[in-house]
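Read through the structure below, which is laid out as C-alpha coordinates, and then see the notes.
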Ligand code: ATP
Ligand code: FE2
(Lines give C-alpha, C1' and ligand atoms only; values in the text may rest on other atoms or scores of the structure.)
(Ligands and ions follow the chains in the order given, each with its own letter.)
Protein backbone atom coordinates (compact mmCIF):
# COMPACT_ATOMS: atom_id res chain seq x y z
CA UNK A 1 0.00 0.00 0.00
CA UNK A 2 1.27 3.47 -0.92
CA UNK A 3 0.21 6.48 1.14
CA UNK A 4 0.67 10.17 0.32
CA UNK A 5 0.59 12.53 3.32
CA UNK A 6 0.14 16.29 3.38
CA UNK A 7 1.44 18.53 6.18
CA UNK A 8 0.33 22.15 6.42
CA UNK A 9 -0.22 23.11 10.08
CA UNK A 10 2.14 26.10 10.21
CA UNK A 11 5.10 27.33 8.14
CA UNK A 12 5.82 24.04 6.34
CA UNK A 13 3.91 22.71 3.36
CA UNK A 14 5.15 19.13 3.04
CA UNK A 15 4.29 16.02 1.09
CA UNK A 16 5.59 12.60 2.05
CA UNK A 17 5.07 9.23 0.44
CA UNK A 18 5.55 5.94 2.29
CA UNK A 19 4.67 2.28 1.96
CA UNK A 20 3.29 -0.14 4.54
CA UNK A 21 6.75 -1.45 5.44
CA UNK A 22 7.52 2.03 6.81
CA UNK A 23 9.82 2.95 3.92
CA UNK A 24 9.83 6.67 3.23
CA UNK A 25 9.85 7.05 -0.56
CA UNK A 26 9.71 10.84 -0.63
CA UNK A 27 9.59 13.71 1.86
CA UNK A 28 9.49 17.09 0.11
CA UNK A 29 8.63 20.49 1.52
CA UNK A 30 8.51 24.21 1.04
CA UNK A 31 8.87 26.44 4.11
CA UNK A 32 7.27 29.88 4.43
CA UNK A 33 9.70 32.47 5.75
CA UNK A 34 8.24 35.57 7.40
CA UNK A 35 9.62 39.03 6.57
CA UNK A 36 12.55 40.17 8.67
CA UNK A 37 11.44 41.13 12.17
CA UNK A 38 8.08 39.35 11.89
CA UNK A 39 6.69 36.10 13.23
CA UNK A 40 4.42 33.84 11.14
CA UNK A 41 1.48 35.74 9.60
CA UNK A 42 -1.13 32.94 9.27
CA UNK A 43 -2.83 34.29 6.11
CA UNK A 44 0.53 34.74 4.39
CA UNK A 45 1.64 31.25 5.37
CA UNK A 46 -1.63 29.95 3.89
CA UNK A 47 -0.94 31.87 0.69
CA UNK A 48 2.55 30.37 0.57
CA UNK A 49 1.06 26.88 0.86
CA UNK A 50 -1.40 27.57 -1.94
CA UNK A 51 1.36 28.84 -4.23
CA UNK A 52 3.84 26.04 -3.57
CA UNK A 53 1.67 22.95 -3.18
CA UNK A 54 1.61 21.86 -6.85
CA UNK A 55 5.39 22.07 -7.07
CA UNK A 56 5.90 20.11 -3.84
CA UNK A 57 3.53 17.40 -5.08
CA UNK A 58 5.38 17.15 -8.40
CA UNK A 59 8.73 16.82 -6.64
CA UNK A 60 7.45 14.22 -4.17
CA UNK A 61 6.01 12.03 -6.94
CA UNK A 62 9.19 12.37 -8.96
CA UNK A 63 11.39 11.48 -5.98
CA UNK A 64 9.30 8.41 -5.09
CA UNK A 65 9.16 7.15 -8.67
CA UNK A 66 5.37 6.82 -8.26
CA UNK A 67 2.45 8.26 -10.18
CA UNK A 68 -0.85 9.41 -8.70
CA UNK A 69 -2.40 6.13 -9.95
CA UNK A 70 -0.05 4.20 -7.64
CA UNK A 71 -1.30 6.00 -4.51
CA UNK A 72 -3.81 4.02 -2.41
CA UNK A 73 -4.48 6.52 0.38
CA UNK A 74 -4.24 10.27 0.95
CA UNK A 75 -3.84 11.71 4.43
CA UNK A 76 -3.55 15.27 5.74
CA UNK A 77 -2.89 17.13 9.00
CA UNK A 78 -6.35 17.79 10.42
CA UNK A 79 -4.95 19.83 13.35
CA UNK A 80 -3.82 21.35 15.62
CA UNK A 81 -2.47 24.33 13.71
CA UNK A 82 -3.19 27.71 12.15
CA UNK A 83 -6.62 27.63 10.44
CA UNK A 84 -5.59 29.30 7.12
CA UNK A 85 -2.72 26.81 6.79
CA UNK A 86 -4.82 23.80 7.76
CA UNK A 87 -7.52 24.72 5.23
CA UNK A 88 -5.02 24.98 2.36
CA UNK A 89 -3.74 21.48 3.11
CA UNK A 90 -7.17 19.91 3.63
CA UNK A 91 -8.57 21.51 0.46
CA UNK A 92 -5.64 20.22 -1.58
CA UNK A 93 -5.94 16.72 -0.08
CA UNK A 94 -9.69 16.66 -0.69
CA UNK A 95 -9.31 17.65 -4.35
CA UNK A 96 -6.53 15.13 -4.96
CA UNK A 97 -8.53 12.36 -3.33
CA UNK A 98 -11.71 13.33 -5.22
CA UNK A 99 -10.09 13.64 -8.65
CA UNK A 100 -8.25 10.35 -8.29
CA UNK A 101 -10.95 8.49 -6.29
CA UNK A 102 -8.61 7.68 -3.42
CA UNK A 103 -9.71 7.34 0.24
CA UNK A 104 -8.89 10.36 2.42
CA UNK A 105 -8.25 10.58 6.15
CA UNK A 106 -7.13 13.33 8.52
CA UNK A 107 -4.54 12.74 11.24
CA UNK A 108 -3.44 14.58 14.34
CA UNK A 109 -0.18 16.45 13.79
CA UNK A 110 1.19 15.78 17.31
CA UNK A 111 0.37 12.06 17.18
CA UNK A 112 2.05 11.89 13.75
CA UNK A 113 5.27 13.24 15.33
CA UNK A 114 5.08 10.39 17.88
CA UNK A 115 4.34 7.65 15.35
CA UNK A 116 7.18 8.53 12.99
CA UNK A 117 9.45 8.61 16.06
CA UNK A 118 8.34 5.15 17.15
CA UNK A 119 9.06 3.96 13.61
CA UNK A 120 12.59 5.42 13.43
CA UNK A 121 13.64 4.59 17.01
CA UNK A 122 12.01 1.19 17.32
CA UNK A 123 10.85 2.27 20.82
CA UNK A 124 7.56 0.61 21.70
CA UNK A 125 6.43 2.67 24.66
CA UNK A 126 8.47 5.87 25.09
CA UNK A 127 7.96 9.08 26.98
CA UNK A 128 7.96 11.54 24.08
CA UNK A 129 9.43 15.02 24.40
CA UNK A 130 7.78 16.92 21.55
CA UNK A 131 9.34 20.35 21.23
CA UNK A 132 8.66 22.56 18.22
CA UNK A 133 7.79 26.17 17.49
CA UNK A 134 4.24 26.07 18.77
CA UNK A 135 4.23 22.89 20.84
CA UNK A 136 5.94 21.74 24.00
CA UNK A 137 4.53 18.49 25.33
CA UNK A 138 5.70 15.52 27.36
CA UNK A 139 3.49 12.72 26.07
CA UNK A 140 3.11 9.01 26.71
CA UNK A 141 0.64 6.23 26.11
CA UNK A 142 -1.57 5.46 29.08
CA UNK A 143 -5.05 3.98 29.34
CA UNK A 144 -5.77 3.76 25.59
CA UNK A 145 -4.67 7.28 24.61
CA UNK A 146 -1.53 9.34 24.21
CA UNK A 147 -1.74 11.55 27.27
CA UNK A 148 -0.01 14.82 27.89
CA UNK A 149 1.84 14.66 31.20
CA UNK A 150 3.36 18.12 30.98
CA UNK A 151 3.11 21.05 28.58
CA UNK A 152 3.78 24.75 28.17
CA UNK A 153 1.27 27.10 29.74
CA UNK A 154 2.00 30.06 27.47
CA UNK A 155 4.12 29.91 24.28
CA UNK A 156 5.94 26.90 22.80
CA UNK A 157 9.65 26.51 23.47
CA UNK A 158 10.75 27.08 19.84
CA UNK A 159 8.64 30.23 19.56
CA UNK A 160 10.01 31.43 22.90
CA UNK A 161 13.59 30.99 21.66
CA UNK A 162 12.75 32.57 18.29
CA UNK A 163 10.98 35.48 19.95
CA UNK A 164 13.94 36.19 22.21
CA UNK A 165 16.28 35.95 19.21
CA UNK A 166 14.07 38.21 17.09
CA UNK A 167 13.95 40.85 19.82
CA UNK A 168 17.75 40.96 19.95
CA UNK A 169 18.05 41.24 16.15
CA UNK A 170 18.68 37.66 14.92
CA UNK A 171 17.00 36.34 11.72
CA UNK A 172 14.34 33.59 11.57
CA UNK A 173 14.70 30.80 12.58
CA UNK A 174 16.52 32.30 15.53
CA UNK A 175 16.84 29.22 17.79
CA UNK A 176 19.69 27.55 15.80
CA UNK A 177 21.60 30.85 15.96
CA UNK A 178 21.05 30.96 19.72
CA UNK A 179 22.50 27.44 19.94
CA UNK A 180 25.69 28.62 18.19
CA UNK A 181 26.05 31.80 20.29
CA UNK A 182 25.45 29.79 23.48
CA UNK A 183 28.72 27.93 22.93
CA UNK A 184 30.62 31.09 23.86
CA UNK A 185 28.47 32.09 26.82
CA UNK A 186 28.50 31.58 30.56
CA UNK A 187 25.76 31.18 33.14
CA UNK A 188 23.79 34.13 34.47
CA UNK A 189 20.89 33.82 36.86
CA UNK A 190 17.41 33.48 35.30
CA UNK A 191 14.00 32.46 36.66
CA UNK A 192 13.08 28.76 36.49
CA UNK A 193 9.36 28.19 35.97
CA UNK A 194 7.94 24.68 36.45
CA UNK A 195 4.46 24.46 37.96
CA UNK A 196 3.52 20.90 38.80
CA UNK A 197 4.30 19.22 35.47
CA UNK A 198 3.78 22.35 33.35
CA UNK A 199 6.26 24.84 32.00
CA UNK A 200 6.19 28.55 31.33
CA UNK A 201 8.71 30.20 29.02
CA UNK A 202 7.50 33.71 28.29
CA UNK A 203 8.46 35.27 31.64
CA UNK A 204 11.99 33.95 31.17
CA UNK A 205 12.12 35.57 27.71
CA UNK A 206 11.11 38.88 29.31
CA UNK A 207 13.79 38.48 32.01
CA UNK A 208 16.39 37.87 29.26
CA UNK A 209 15.27 40.92 27.31
CA UNK A 210 15.54 43.09 30.42
CA UNK A 211 19.07 41.83 31.02
CA UNK A 212 19.87 42.48 27.35
CA UNK A 213 18.76 46.11 27.77
CA UNK A 214 21.05 46.51 30.73
CA UNK A 215 24.03 45.37 28.67
CA UNK A 216 24.42 41.64 29.43
CA UNK A 217 26.46 40.02 26.57
CA UNK A 218 24.22 38.14 24.10
CA UNK A 219 26.30 34.94 24.34
CA UNK A 220 25.62 34.71 28.08
CA UNK A 221 21.90 35.20 27.53
CA UNK A 222 21.83 32.53 24.80
CA UNK A 223 23.71 30.07 26.98
CA UNK A 224 21.55 30.69 30.03
CA UNK A 225 18.17 30.68 28.28
CA UNK A 226 19.01 27.27 26.80
CA UNK A 227 20.27 25.89 30.13
CA UNK A 228 17.18 26.97 31.99
CA UNK A 229 14.62 25.93 29.31
CA UNK A 230 16.21 22.52 28.78
CA UNK A 231 16.65 21.84 32.51
CA UNK A 232 12.96 22.53 33.02
CA UNK A 233 12.09 20.08 30.24
CA UNK A 234 14.48 17.44 31.57
CA UNK A 235 13.03 17.72 35.08
CA UNK A 236 9.46 17.17 33.87
CA UNK A 237 10.49 14.33 31.54
CA UNK A 238 12.27 12.55 34.38
CA UNK A 239 9.21 12.86 36.58
CA UNK A 240 7.00 11.43 33.81
CA UNK A 241 9.38 8.43 33.46
CA UNK A 242 9.33 7.81 37.21
CA UNK A 243 5.56 8.18 37.50
CA UNK A 244 4.83 5.86 34.56
CA UNK A 245 7.61 3.38 35.29
CA UNK A 246 8.95 3.73 31.71
CA UNK A 247 12.54 3.84 30.52
CA UNK A 248 12.61 5.16 26.92
CA UNK A 249 12.91 8.86 26.07
CA UNK A 250 12.13 9.93 22.51
CA UNK A 251 12.94 13.49 21.46
CA UNK A 252 11.18 15.03 18.47
CA UNK A 253 9.94 18.32 16.92
CA UNK A 254 12.07 21.06 15.34
CA UNK A 255 13.83 21.90 18.62
CA UNK A 256 15.04 18.28 18.86
CA UNK A 257 17.88 19.38 16.54
CA UNK A 258 19.48 21.13 19.52
CA UNK A 259 22.58 19.22 20.64
CA UNK A 260 22.59 20.63 24.16
CA UNK A 261 19.00 19.47 24.70
CA UNK A 262 19.88 16.02 23.32
CA UNK A 263 22.85 15.83 25.67
CA UNK A 264 20.82 16.70 28.78
CA UNK A 265 18.00 14.23 28.08
CA UNK A 266 20.45 11.50 27.09
CA UNK A 267 22.37 11.92 30.33
CA UNK A 268 19.20 11.82 32.43
CA UNK A 269 17.95 8.68 30.64
CA UNK A 270 21.33 6.92 31.03
CA UNK A 271 21.50 7.76 34.73
CA UNK A 272 18.16 5.99 35.11
CA UNK A 273 19.49 3.03 33.07
CA UNK A 274 17.06 3.93 30.32
CA UNK A 275 17.36 4.64 26.60
CA UNK A 276 17.34 7.85 24.62
CA UNK A 277 16.69 8.43 20.92
CA UNK A 278 16.21 11.46 18.75
CA UNK A 279 14.17 11.47 15.57
CA UNK A 280 16.37 12.25 12.50
CA UNK A 281 16.28 15.90 11.46
CA UNK A 282 14.30 15.42 8.21
CA UNK A 283 11.56 13.59 10.12
CA UNK A 284 11.56 15.56 13.41
CA UNK A 285 10.54 18.96 12.06
CA UNK A 286 7.15 19.32 10.39
CA UNK A 287 7.05 17.01 7.38
CA UNK A 288 4.66 15.12 5.12
CA UNK A 289 6.21 11.68 5.68
CA UNK A 290 4.99 11.53 9.27
CA UNK A 291 1.47 12.38 8.13
CA UNK A 292 1.65 9.64 5.48
CA UNK A 293 2.91 7.00 7.96
CA UNK A 294 0.43 7.89 10.72
CA UNK A 295 -2.41 7.95 8.18
CA UNK A 296 -1.43 4.57 6.84
CA UNK A 297 -1.51 2.85 10.24
CA UNK A 298 -4.71 4.70 11.20
CA UNK A 299 -6.36 3.54 7.97
CA UNK A 300 -5.26 -0.06 8.56
CA UNK A 301 -6.84 0.02 11.98
CA UNK A 302 -10.15 1.18 10.51
CA UNK A 303 -10.15 4.97 10.92
CA UNK A 304 -12.98 6.64 9.02
CA UNK A 305 -12.65 9.31 6.37
CA UNK A 306 -12.64 13.00 7.34
CA UNK A 307 -12.91 16.23 5.36
CA UNK A 308 -12.59 18.96 7.95
CA UNK A 309 -9.98 20.60 10.16
CA UNK A 310 -9.71 21.11 13.93
CA UNK A 311 -7.23 23.80 14.81
CA UNK A 312 -7.33 22.91 18.52
CA UNK A 313 -7.43 19.11 18.29
CA UNK A 314 -5.78 17.82 21.45
CA UNK A 315 -3.41 14.86 21.53
CA UNK A 316 -5.43 13.13 24.25
CA UNK A 317 -8.65 13.43 22.23
CA UNK A 318 -7.29 11.17 19.46
CA UNK A 319 -8.30 7.52 19.21
CA UNK A 320 -5.18 5.42 18.63
CA UNK A 321 -6.44 1.85 18.25
CA UNK A 322 -3.21 0.85 16.48
CA UNK A 323 -1.19 1.25 19.71
CA UNK A 324 -1.19 -1.96 21.72
P1 LIG B 1 4.61 22.93 15.20
O2 LIG B 1 3.60 23.35 14.19
O3 LIG B 1 4.53 21.50 15.55
O4 LIG B 1 4.67 23.81 16.38
P5 LIG B 1 6.74 24.19 13.85
O6 LIG B 1 5.86 24.78 12.83
O7 LIG B 1 7.29 25.08 14.84
O8 LIG B 1 6.00 22.98 14.48
P9 LIG B 1 9.13 22.55 13.49
O10 LIG B 1 9.91 22.42 12.24
O11 LIG B 1 8.70 21.33 14.20
O12 LIG B 1 7.93 23.48 13.07
O13 LIG B 1 9.97 23.41 14.54
C14 LIG B 1 10.52 24.65 14.23
C15 LIG B 1 11.15 25.22 15.50
O16 LIG B 1 12.37 24.53 15.80
C17 LIG B 1 11.49 26.68 15.34
O18 LIG B 1 11.04 27.38 16.49
C19 LIG B 1 13.02 26.65 15.27
O20 LIG B 1 13.60 27.83 15.73
C21 LIG B 1 13.33 25.47 16.17
N22 LIG B 1 14.69 24.95 15.96
C23 LIG B 1 15.27 24.58 14.80
N24 LIG B 1 16.57 24.24 15.00
C25 LIG B 1 16.81 24.40 16.35
C26 LIG B 1 17.94 24.24 17.18
N27 LIG B 1 19.11 23.85 16.70
N28 LIG B 1 17.81 24.51 18.50
C29 LIG B 1 16.62 24.89 19.01
N30 LIG B 1 15.53 25.08 18.28
C31 LIG B 1 15.61 24.84 16.95
FE1 FE2 C 1 5.13 19.96 14.47
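When segment 1-33 is filtered for residues that are closer than 19 Å to residue 254 by Cα, more than 13 Å from ligand 2 (Cβ to nearest atom) and surrounded by fewer than 17 Cβ atoms within 10 Å (Cβ to Cβ), only 33 remains. Selection of segment 137-155 for residues being farther than 30 Å from residue 21 by Cα and either without any contact (Cβ under 8 Å) to a residue 40 or more places away in the chain or outside any loop (DSSP other than H, G, I, E, B) (or both) yields 149, 150, 151, 152.
Of all residues in segment 238-258, those being more than 16 Å from ligand 2 (Cβ to nearest atom) and under 17 Å from the mean Cα position of the chain (by Cα) number 1. Is it the case that segment 216-229 has a residue that's within 16 Å of ligand 2 (Cβ to nearest atom) and either at pLDDT 95 or above or over 20 Å from the mean Cα position of the chain (by Cα) (or both)? So far as segment 216-229 goes, no, none of its residues is within 16 Å of ligand 2 (Cβ to nearest atom) and either at pLDDT 95 or above or over 20 Å from the mean Cα position of the chain (by Cα) (or both). If you go through segment 200-220 and keep only what is under 14 Å from residue 232 (Cβ atoms), away from ligand 1 (no atom under 15 Å from the Cβ) and in a loop (DSSP other than H, G, I, E, B), you end up with just 200. Flag: residue 69 does not match the condition of being in a helix (DSSP H, G or I), more than 24 Å from residue 307 (Cβ to Cβ) and either touching a helix residue (DSSP H, G or I) at 6+ places or on another chain (Cβ under 8 Å) or assigned by TED's automatic domain parsing to the domain that holds residue 96 (or both). Residues that are in contact (Cβ under 8 Å) with a residue 24 or more places away in the chain, part of a strand (DSSP E or B), in the same structural domain as residue 192 (by TED's automatic domain parsing) and within 12 Å of ligand 1 (Cβ to nearest atom) occur in segment 233-256; there is at least one.
When you check residue 79 against the structure, is it modelled with pLDDT under 95 and within 16 Å of ligand 1 (Cβ to nearest atom), yes or no? Criteria not met by residue 79. Each residue in segment 259-308 was checked for being farther than 28 Å from residue 183 by Cα, under 18 Å from the mean Cα position of the chain (by Cα) and either at pLDDT below 95 or outside any helix (DSSP H, G or I) (or both), and 1 pass. Of everything in segment 309-324 that is surrounded by fewer than 22 Cβ atoms within 10 Å (Cβ to Cβ) and in a helix (DSSP H, G or I), the residue that is modelled with the highest pLDDT is 317. Restricting attention to segment 184-199, the residues that are under 25 Å from the mean Cα position of the chain (by Cα), surrounded by fewer than 17 Cβ atoms within 10 Å (Cβ to Cβ) and either within 16 Å of ligand 2 (Cβ to nearest atom) or in a loop (DSSP other than H, G, I, E, B) (or both) total 3.
The values are calculated or read from the model by the stated rules, or taken from the named source; none is laboratory data. No experiment lies behind these values; they were computed from the predicted model shown. Cβ sites come from the backbone with ideal geometry, for glycine too, and all protein chains shown count toward neighbours.
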